[in-house]
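Asker: The structure that follows is given in the form of structure tokens.
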Amino acid sequence: MEEKKLCPYCGEEILAVAKKCKHCGEWLDKKESVETRIEPQYIPEKKVTFKKWWIAILIILAIVVGLFVVISNHQNEPGKEPLAEKADPVINFAEPDEEDDAAYQNKDEVRAQSAPKVIVAPKTEEAATENYDTEELLSLGESYEKGIGVEEDHETAFYYYEKAANTGDPAALNKLGNMYAQGKGCTKDAYKAATYYLAAAEKGNKYAQHNIAFCYWDGVGVEKDREKAVMWMRQSAAQGYEKAKKALKTMGVD
């Protein structure tokens, strides 16, 4: 027969090995009952830790995505991009045109009239240039370059521009630079183009100042130098050249 004992709380008879009274429900071993009741409290703590890990992961992902967006936007900013993509001097070289210089336009008729004087190609008749001053040489060069009054001939145009440039005339130096930049009547040569642009720019030619600024900005024929590019473009703009003013905005300067 199993041993029995009395419950200290209600006095009823219970088994000697019983830990809890079946009559009153009291625990006979208080220490064990406390441990048993506390044990379930550890489960919520584990759940809280698990949630904290998820929050940390979400924060890290948000930071990574944010950095990616910032970097992408920075790379797509217009900023100081190569100007060659927008106005390469080799393509859109500066020279007097109808929109920019009305005074230059008035000289076109005089220059065009002098072009027909040349009958024999000057490359074989160098003496033919002795009768022309710098302005007339420029006029002849332009007439042959654009086919004004004569058949278009870039080699002959280059010949006249070179003769005019030898006098040190800034307009002629810029013209010759444009010929080298485009490879008209000569082998395309960015270095020579930049050399003539710089020579004309130093003499105050606003078109050459515009052109050499592009060369310095993108490193065309010269070593890239953004400070010199801005300096020359500002000098051109200061003389009222509208294309230079627009270029300064593209450069991101006032």
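The values are calculated or read from the model by the stated rules, or taken from the named source; none is laboratory data. Since the structure is predicted, the reported quantities are computational estimates derived from the model, not experimental observations. Please note: Cβ atoms are built from the backbone with ideal geometry, for glycine as well, and neighbour counts cover all protein chains shown. In case anyone asks, the SASA skips ligands and DNA or RNA and just uses the protein heavy atoms, side chains included. Shrake-Rupley method; radii C 1.70, N 1.55, O 1.52, S 1.80 Å.
Asker: Test of understanding: what is the full-extension gain from ILE63 to LYS5, defined as 0.36 nm times their sequence separation minus their Cα-Cα distance?
Answerer: 14.1 nm
Asker: Can you work out the accessible area per residue across region 138-254, with the rest of the protein chains kept in place, probe 1.4 Å, in square angstrom?
Answerer: 43 Å²
Asker: Taking only C-alpha pairs under 8 Å that are 6+ residues apart, what is the relative contact order of region 138-254 in percent?
Answerer: Worked out over region 138-254, it gives 15 percent.
Asker: A follow-up question, please. LYS20's amide H: which non-local residues (gap 5+, or another chain) put their own amide H closer than 5 Å, with H modeled 1.01 Å from N in plane and none for Pro or chain starts?
Answerer: For LYS20, the qualifying residues are LEU28.
Asker: Here's a follow-up. Please give me, ordered by residue number, the GluC sites (Glu not before Pro) of region 171-254 that lie in loop per DSSP and have at most 16 other Cβ atoms within 10 Å.
Answerer: Here the sparse-neighbourhood loop sites are GLU223.
Asker: What full-extension length gain, to one decimal in nm, is calculated for LYS22 and ASP153 as 0.36 nm per residue of separation minus the Cα-Cα distance?
Answerer: The span from LYS22 to ASP153 would gain 35.0 nm if fully extended.
Asker: Let me ask something else. Under 5 Å between amide hydrogens, which residues at least 5 positions from ILE14 or on another chain qualify, with H placed 1.01 Å from N in the peptide plane?
Answerer: LYS5, LEU6, CYS7
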